[in-house]
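One structure is given below, encoded as structure tokens.
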Amino acid sequence: QVQLVESGGGLVQAGGFLRLSCAASGSIFSINDMGWYRQAPGKQRDLVARITSGGSTIYADSVKGRFTISRDNAKNTVYLQMNSLKPEDTAVYYCYAQVMGVMTVLPPIDYWGQGTQVTVSS
């Protein structure tokens with residue numbers, strides 16, 4: 001049993017900034033990839049940013065240069081620093097983690113947070 005809990009969402013003016021956090025807890029031995037995805041009303045859930053256990057990152061083209069993903073492996077936590085926010089960034093942001101449980105002979109499992117709302121006003 002693993003839980004991902006997001007925090008840091010809210011309402012911000014265009015050009016502003018927010019920092020999202022996601023802490024994983026439960027039966028965790030290690031975490032492989034972690035990331036952030038977002039879903040706007042009527043649209044599919046899309047990748048925002050992803051980070052490997054070794055720190056390699058990928059970003060959606062729409063957020064490159066504005067968002068930064070990072071992680072603290074000791075705290076099982078992933079962050080998303082969002083700068084220069086635009087109205088089109090408005091969405092529910094979901095945390096993702098691929099978790100290796102304490103029974104390490106078993107394959108890793110993908111987990112998702114419940115989402116945190118980010119609203120950017122014009």
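A few remarks follow.
- Pick from the range 19-31, criterion among the hydroxyl-bearing types (Ser, Thr, Tyr) and more than 12 Å from the chain's Cα centre (by Cα), ranking: farthest from Glu88 (Cα to Cα): Ser27
- Positions within the range 2-31 being in a loop (DSSP other than H, G, I, E, B), open to solvent by 40 Å² or more (accessible area, probe 1.4 Å) and at negative phi, in sequence order: Ala14, Phe17, Ser27, Phe29
- Applying the condition of being surrounded by 13 or more Cβ atoms within 10 Å (Cβ to Cβ) and touching a helix residue (DSSP H, G or I) at 6+ places or on another chain (Cβ under 9 Å) to the range 32-61 and asking which residue is farthest from Tyr93 (Cα to Cα) yields Ser53.
- For Ala49: the one exception among (1) within 19 Å of Gln3 (Cβ to Cβ); (2) touching a Ser or Thr at 6+ places or on another chain (Cβ under 8 Å): (1)
- Selection status of Ile69, without any contact (Cβ under 8 Å) to a residue 12 or more places away in the chain, of a type outside the set (Phe, Trp, Tyr), in a strand (DSSP E or B) and farther than 15 Å from Ser7 by Cβ: no
- Residues within the range 67-118 that are open to solvent by 50 Å² or more (accessible area, probe 1.4 Å), touching a Leu at 6+ places or on another chain (Cβ under 7 Å) and more than 13 Å from Asn32 (Cα to Cα), tallied: 1
- Hey, Met34 among the hydrophobic types (A, V, I, L, M, F, W, C) and touching a Cys at 6+ places or on another chain (Cβ under 8 Å) or not: yes
The values are calculated or read from the model by the stated rules, or taken from the named source; none is laboratory data. Since the structure is predicted, the reported quantities are computational estimates derived from the model, not experimental observations. Every residue, glycine as well, gets a Cβ built from its backbone with ideal geometry; the counts of neighbours run over all protein chains shown. In case anyone asks, the SASA skips ligands and DNA or RNA and just uses the protein heavy atoms, side chains included. Shrake-Rupley method; radii C 1.70, N 1.55, O 1.52, S 1.80 Å.
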